[in-house]
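The values are calculated or read from the model by the stated rules, or taken from the named source; none is laboratory data. As the structure is a computational prediction, the values presented were derived from the model and not from experiment. With ideal geometry, Cβ positions are generated from the backbone for all residues, glycine too; neighbour counts draw on all protein chains shown.
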Amino acid sequence: MSSVATAPGGASSRPGQAARPTLAERRRPGSDVLIGAIGAAALCLVAFLASGGVDLAPNTWVQVGLIVVAAGAAIALALLGRRGPAWGGRALLLFAALAALTYASIAWSVQPANSWLEANRTLSYFAAFAAALMLARLAPERWAALVGAVAAAATVVCGYALLAKVFPGTFDASDPLGRLNVPFGYWNAVGLMGALGIPACLWAGARREGSLLLRALAVPALAILVPAVLLAFSRGAIVVAVIGLIVWFGLAPLRLRSALILALGLAGAAVISIWGLGTRGISANYMTLPTRTSAGHTFGLVLVIVLVLTAAAAVGAVLLLDRTTLSVRARRSVATGLLVLVGLIPIAGIGALAASHRGLTGEVSHVWNSVTNPNGIVSNTPGRLVDLSNSRPHYWSQAITLGEHHLLAGVGAVGFATAQPSSSSPVWNSEHAHAVHAHGYLAETFADFGLIGLAISLALLVAWWLDTARTLGLRWPRRGAGERAPPSGEAAAERAGLIALLAVVVTFGLHSLIDWTWFIPGTTVPALACAGWLAGRGPLSARVGCLERPRRLSRSPGAVMALISTVVVTLVAIWVIVQPLRSSDAAAAAETAAYQGNGGVALSDARSAAAEDPVSVDPLFLLAVIYDHLGNRASARGELVQATSRQPANAATWQELGCFDYSHHDPQMTQDFRRLLELQPADAQTASDPAVFCADVPT
């Protein structure tokens, strides 16, 4: 597709074509602000409904919603999209391959029911990425709405987390720990959400266009986001937040303006953070609810005062930025001073290490040993912010061991949680409970999908980066000096916004390397939306956009086929996603009927649950319990034997069968426990006493 030359004012130079709206015209409250508010509401809905990603019903409907949004974008593209280069197509296909691999892994997974759920989640993530990619193609001028949506959603979520400290009895009465927890149920996810919002807020406050009020609100937003990172006691979130800032300040053309906005935001954040970390009722563990409530009300007063003061300071700062124009020499002087201040930080750190009792080399060795110690344990207190010990090496060691034993295709999606006890790794000890995730995308992918998963993930990353580099004009090495002039005007403003999106993606991607936040939709969907937009936008000098009128289906058989295919694929995808929920609902109905003494209805509902999720063993366990209570021992055992056939590599199925045989004094329990210990050698000592080992098995 040939590029469109534009006049200085932004109007198209093609005869007869309507003039393109200027940047100022597109920043009216009725356009980008409204769309951004809708986007922020959608992202907040994902965060609050899906929470930690473990509740089946809300997560199922969030996944269905993402599928529907992607289908709507595909239909709009078929009806309105102009023909042009398939920007982002390689990344889209590779993401689809990753989703397909996740579904395929059900066939060899040690826990296929969990793999099915994870495949549904991955499909919904693909839908979020694809929807953003297609929308960037259809409406590339709406980039500001996406950046604003991320900034607003992150601020709302983090503000809610802080509000739970202000009113603990209302929002978080049951959590005994001092770390920020809601709405995800996982502290590091709250910290990551704060880190994701920082680059977007810096763009919102430092940009030259837009209303004064919206730009000024970026400062109090930063005063919310940064304390959320710190009060979550999330060291990983702090590290990736700093890296996100480096990406922003390294690539964006708004460095000095951003520095002022960041300084004001950090000043307010420092007051809130210091107060929160220093108040036992806010940050200490196992405090009584009255103590937490009293401290929370004072903390709320501090929040209000700081936010009002930072908002007032922000208005003055924005007015100053709008009315002050520094010379090139002055800008260079200020920038040099800021760089010197930043450069003094690592120098001061090295000096502090050298002055310690271990000396510089001794401290470096101590740091390395603390970071890599697989048996490291760290507390959930504010002191963890400066503690280098962590449990990641242990989880990664377990994942690598699993991957080595299942080198090509792994143990199946999220099979790490089920398969890890079968590894007799020397790093295992009783201080580490069985982790559900390997706390790192690479480690988890190697364990779950082996070399195939790593290869697809690496190819996806490379393809996405090539698409993003083309969008932002990032080429290295450059082909020649002066080959392309830096963007100016509207293109420069858009590039700054897209760099904020890039910083969001880098922040999330790096955090996913050291944590399992990939499995939490509230933190993942915003990052995938940013990534999809960057891949699908294409070069800033060219746009695809929409047709003035929808194409006529009678003259476009390709569009008709695309529409039919989209509808069919969407319906199939929704059916696949909803099936596990239907099975769970049927199982719940069976339990209710069993408690009410209606054995016939309970059996019927339990059989429906088993049929609707043919890879799950939970309905079979339920059937066994019902049959056993009805006195049909043979049928009960038959269901448990079928469970071992469905999931032969899952130690839980053999434990259920072994404990059933033990409770009925069946000598076959010896074979059951022998198979169990082959899969789970770590429990050999406990399993040697069936009375203790089977105490928690439901009957």
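Looking at (1) at pLDDT 95 or above; (2) over 30 Å from residue 493 (Cα atoms); (3) in contact with a Phe, Trp or Tyr (Cβ under 6 Å, 6 or more places away or on another chain), find the lone condition where residue 105 falls short.
Looking at each condition in turn, residue 105 falls short on (3).
Can you find a residue in the stretch 530-544 that is part of a helix (DSSP H, G or I), on the phi < 0 side of the Ramachandran plot, charged (D, E, K, R) and in contact (Cβ under 8 Å) with a residue 12 or more places away in the chain?
So the first thing to find is which residues in the stretch 530-544 are part of a helix (DSSP H, G or I), and the list is 530-537.
Filter once more, keeping what is on the phi < 0 side of the Ramachandran plot: 530-537.
When the remaining residues are screened for being charged (D, E, K, R), the result is 537.
With in contact (Cβ under 8 Å) with a residue 12 or more places away in the chain added as a condition, the list becomes 537.
For the stretch 530-544, residues part of a helix (DSSP H, G or I), on the phi < 0 side of the Ramachandran plot, charged (D, E, K, R) and in contact (Cβ under 8 Å) with a residue 12 or more places away in the chain: present.
Do the conditions hold for residue 301, that is, is it in contact (Cβ under 8 Å) with a residue 12 or more places away in the chain and part of a helix (DSSP H, G or I)? Please lay out each step first, then the result.
Working: in contact (Cβ under 8 Å) with a residue 12 or more places away in the chain: no; part of a helix (DSSP H, G or I): yes.
Criteria not met by residue 301.
Going by what's in this entry, would residue 459 be described as in a helix (DSSP H, G or I), more than 16 Å from the chain's Cα centre (by Cα), closer than 23 Å to residue 408 by Cα and modelled with pLDDT of 95 or more? Steps first, answer last, please.
Values: in a helix (DSSP H, G or I): yes; more than 16 Å from the chain's Cα centre (by Cα): yes; closer than 23 Å to residue 408 by Cα: yes; modelled with pLDDT of 95 or more: yes.
Yes.
Residues are listed down the side, and each one gets a yes or a no for (1) of a type in the set (Gly, Ala, Ser); (2) over 27 Å from the mean Cα position of the chain (by Cα); (3) in the same structural domain as residue 146 (by TED's automatic domain parsing); (4) buried (at least 16 other Cβ atoms within 10 Å of the Cβ):
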{"site": "524", "(1), (2), (3), (4)": "no, no, yes, yes"}
{"site": "538", "(1), (2), (3), (4)": "yes, no, yes, yes"}
{"site": "541", "(1), (2), (3), (4)": "yes, yes, yes, no"}
{"site": "547", "(1), (2), (3), (4)": "no, yes, yes, no"}
{"site": "568", "(1), (2), (3), (4)": "no, yes, no, no"}
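Does the stretch 663-670 contain at least one residue that is surrounded by 17 or more Cβ atoms within 10 Å (Cβ to Cβ) and over 30 Å from residue 398 (Cβ atoms)? If you could, list the steps in order and put the result at the bottom.
Our first condition is that a residue be surrounded by 17 or more Cβ atoms within 10 Å (Cβ to Cβ); within the stretch 663-670, this holds for 669.
Among the residues that remain, those that are also over 30 Å from residue 398 (Cβ atoms) are: none.
Within the stretch 663-670, not a single residue is surrounded by 17 or more Cβ atoms within 10 Å (Cβ to Cβ) and over 30 Å from residue 398 (Cβ atoms).
So, of the residues in the stretch 82-99 that are within 20 Å of the chain's Cα centre (by Cα) and of a type in the set (A, V, I, L, M), which turns out to be surrounded by the fewest Cβ atoms within 10 Å (Cβ to Cβ)? Write out each step before concluding.
Going residue by residue through the stretch 82-99, those that are within 20 Å of the chain's Cα centre (by Cα) are 91-92, 94-99.
Keeping just the survivors that are of a type in the set (A, V, I, L, M) gives 91-92, 94, 96-99.
Details: 91: 27, 92: 23, 94: 19, 96: 15, 97: 18, 98: 20, 99: 21.
Checking each candidate, the answer is 96.
Answer yes if at least one residue in the stretch 71-90 is more than 30 Å from residue 472 (Cα to Cα) and either assigned by TED's automatic domain parsing to the domain that holds residue 130 or assigned to a helix (DSSP H, G or I) (or both), and no otherwise. Outline the logic, then answer.
Here is the first cut: in the stretch 71-90, the residues more than 30 Å from residue 472 (Cα to Cα) are none.
Taking every residue of the stretch 71-90 in turn, none turns out to be more than 30 Å from residue 472 (Cα to Cα) and either assigned by TED's automatic domain parsing to the domain that holds residue 130 or assigned to a helix (DSSP H, G or I) (or both).
So which residues in the stretch 378-430 are assigned to a helix (DSSP H, G or I), more than 30 Å from residue 229 (Cα to Cα) and either at pLDDT below 85 or in the same structural domain as residue 110 (by TED's automatic domain parsing) (or both)?
Result: 420, 421, 422.
For the condition in contact with an Asp or Glu (Cβ under 8 Å, 6 or more places away or on another chain), in the same structural domain as residue 74 (by TED's automatic domain parsing) and surrounded by fewer than 24 Cβ atoms within 10 Å (Cβ to Cβ), what is the one hit in 113, 107, 144?
Details: 107 fails: in contact with an Asp or Glu (Cβ under 8 Å, 6 or more places away or on another chain); 144 fails: surrounded by fewer than 24 Cβ atoms within 10 Å (Cβ to Cβ).
The unique qualifying residue is 113.
Given the residues 178, 159, 169, which is the only one that is in contact with a helix residue (DSSP H, G or I) (Cβ under 9 Å, 6 or more places away or on another chain), at pLDDT 95 or above and of a type in the set (Gly, Ala, Ser)? Reasoning before the result, please.
Numbers: 178 fails: at pLDDT 95 or above; 169 fails: at pLDDT 95 or above.
Of the residues listed, the single one that is in contact with a helix residue (DSSP H, G or I) (Cβ under 9 Å, 6 or more places away or on another chain), at pLDDT 95 or above and of a type in the set (Gly, Ala, Ser) is 159.
Going by what's in this entry, would residue 697 be described as at pLDDT 95 or above and under 24 Å from residue 587 (Cβ atoms)?
On the way: at pLDDT 95 or above: no; under 24 Å from residue 587 (Cβ atoms): yes.
Taking the combined requirement at face value, the residue does not satisfy it.
With respect to residue 353, is the statement that it is touching a helix residue (DSSP H, G or I) at 6+ places or on another chain (Cβ under 6 Å), exposed (fewer than 15 other Cβ atoms within 10 Å of the Cβ) and either at pLDDT below 65 or under 30 Å from residue 281 (Cβ atoms) (or both) true? Steps first, please.
On the way: touching a helix residue (DSSP H, G or I) at 6+ places or on another chain (Cβ under 6 Å): yes; exposed (fewer than 15 other Cβ atoms within 10 Å of the Cβ): no; either at pLDDT below 65 or under 30 Å from residue 281 (Cβ atoms) (or both): yes.
So residue 353 fails the test.
All but one of (1) touching a Phe, Trp or Tyr at 6+ places or on another chain (Cβ under 9 Å); (2) more than 24 Å from residue 461 (Cα to Cα); (3) among the aliphatic types (A, V, I, L, M) hold for residue 564, so report the exception by its number.
(1)
Among the residues of the stretch 580-614, how many are within 31 Å of the chain's Cα centre (by Cα) and crowded, with 18+ Cβ neighbours inside 10 Å? Reasoning before the result, please.
Here is the first cut: in the stretch 580-614, the ones within 31 Å of the chain's Cα centre (by Cα) are 580-588, 609, 612-614.
Then keep just the ones that are crowded, with 18+ Cβ neighbours inside 10 Å; that gives 580-581, 583-584, 586-587, 609, 612-613.
Residues meeting the conditions: 9.
Okay, residues lined up against (1) assigned to a helix (DSSP H, G or I); (2) within 15 Å of residue 44 (Cβ to Cβ); (3) out of contact with any Leu (no Cβ under 6 Å at 6 or more places or on another chain):
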site	(1), (2), (3)
148	yes, yes, yes
151	yes, yes, yes
174	no, no, yes
177	no, no, yes
195	yes, no, yes
203	yes, no, yes
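Could you identify the single residue in 313, 259 that is within 30 Å of the chain's Cα centre (by Cα), in contact (Cβ under 8 Å) with a residue 60 or more places away in the chain and in a helix (DSSP H, G or I)? Don't jump to the end; show me each part of the working.
Details: 313 fails: within 30 Å of the chain's Cα centre (by Cα).
The unique qualifying residue is 259.
Looking at 269, 218, 263, 237, which one is surrounded by fewer than 24 Cβ atoms within 10 Å (Cβ to Cβ) and under 20 Å from residue 152 (Cα atoms)? Write out each step before concluding.
Numbers: 269 fails: surrounded by fewer than 24 Cβ atoms within 10 Å (Cβ to Cβ); 218 fails: surrounded by fewer than 24 Cβ atoms within 10 Å (Cβ to Cβ); 237 fails: surrounded by fewer than 24 Cβ atoms within 10 Å (Cβ to Cβ).
Among 269, 218, 263, 237, only 263 is surrounded by fewer than 24 Cβ atoms within 10 Å (Cβ to Cβ) and under 20 Å from residue 152 (Cα atoms).
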